[in-house]
Amino acid sequence: MSRSTFINFKRLADTNVCLKNRKWKHISFTNGKQTICTISDSSKIIITPKCLCYTQTRMFINFLVPDGGRSNKKVYRDKKLIGYSPIQMFDVIQDTENYKKFLPFCRQSTVILKEKNHAKTYLEIGFPPIIESYVSHITFEHPYMIKAECRDGKLFKYLLTQWNCDPGLKDNPGTCIINFFVSYEFKSQLHSAVANMFFNELVKQMEQAFFDEAARRYGKPCIKAQKLKL
């Protein structure tokens, strides 16, 4: 990225030079000041390092958060036809006690409460530089739906994960259609900016971990997984 991208036109408005739509290039440092020169007509403007540093910082944040931080809400959706039955996938997904054994980035998972259609599990999820610990409030509709919500996280304003395990092929009860949904928002714009650069890939890895765990428990899938249109 060239230095030209770090010029803040508003801060330079008092130079009485029309700066808009001009192209800039770095020339040199002169007496401790930054010299910038237009390509079009060789006009020169002096910018102090302090001003340049301030502008670089703002542009870095804007680069990480293209919308300027107005919205940190993110959604991930996926839909697949897989070679495991709804009951098999339901049993894997609701087994929060063992998340720490097969779920990437899960450091701790301890069931606090488990009832017929409701459970609470303490989770610690770590993907440096972000580590979050919270109680996941889980609701079930056996064997077709599992929804988990984070209500007291230190980093997340909210985190919602939902799995729907619907019947698959009519002539093959060993298949199901998985609808996977994640919606989240960080409390901090900085955490959001950092996480947004890789969060989708992380969620994909976590989703795949459930299918891999099903394979470990029940053997090879009866059909090859197929991605479906949402």
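Just to be sure before I move on: is Glu141 acidic (Asp, Glu) and buried (at least 17 other Cβ atoms within 10 Å of the Cβ) in the structure I sent? No: the conditions fail for Glu141.
Here region 144-165 is the region considered, the condition is being more than 11 Å from Phe186 (Cβ to Cβ) and hydroxyl-bearing (Ser, Thr, Tyr), and the residue that is most open to solvent (accessible area, probe 1.4 Å) is Tyr144.
Checked against (1) among the aromatic types (Phe, Trp, Tyr); (2) modelled with pLDDT of 95 or more; (3) open to solvent by less than 80 Å² (accessible area, probe 1.4 Å), Phe198 passes all but a single condition, namely (2).
State yes or no: is Ile112 touching a His at 6+ places or on another chain (Cβ under 8 Å) and more than 30 Å from Cys222 (Cα to Cα)? Don't jump to the end; show me each part of the working.
Values: touching a His at 6+ places or on another chain (Cβ under 8 Å): no; more than 30 Å from Cys222 (Cα to Cα): yes.
So Ile112 fails the test.
Considering (1) touching a residue at least 12 places away in the same chain (Cβ under 8 Å); (2) farther than 30 Å from Lys224 by Cα; (3) open to solvent by 30 Å² or more (accessible area, probe 1.4 Å); (4) outside any strand (DSSP E or B), the lone condition that Leu190 does not fulfil carries the number (1).
The set of residues from region 121-133 being modelled with pLDDT under 95, open to solvent by 20 Å² or more (accessible area, probe 1.4 Å) and assigned to a strand (DSSP E or B) comprises Glu124, Ile131, Ser133. Checked against the criterion of being part of a strand (DSSP E or B), in contact (Cβ under 8 Å) with a residue 24 or more places away in the chain and buried (at least 18 other Cβ atoms within 10 Å of the Cβ), region 107-120 contains one or more residues that satisfy it. The set of residues in region 149-175 that are part of a strand (DSSP E or B), closer than 21 Å to Gln205 by Cβ and not β-branched (Val, Ile, Thr) comprises Cys150, Phe156, Leu159, Leu160, Gln162, Trp163, Asn164, Cys165. On the stretch given as region 95-106, residues that are more than 19 Å from His191 (Cβ to Cβ) and assigned to a strand (DSSP E or B) total 0. So, Glu207, is that one in contact (Cβ under 8 Å) with a residue 24 or more places away in the chain, assigned to a helix (DSSP H, G or I) and either in contact with a Cys (Cβ under 6 Å, 6 or more places away or on another chain) or farther than 30 Å from Asn72 by Cα (or both) or not? Criteria not met by Glu207.
The values are calculated or read from the model by the stated rules, or taken from the named source; none is laboratory data. All values derive from a computational prediction rather than experimental measurement. All Cβ positions, glycine included, derive from the backbone under ideal geometry; neighbour counts span all protein chains shown. Areas reflect the complete protein model, heavy atoms only, side chains present, ligands, DNA and RNA absent. Shrake-Rupley method; radii C 1.70, N 1.55, O 1.52, S 1.80 Å.
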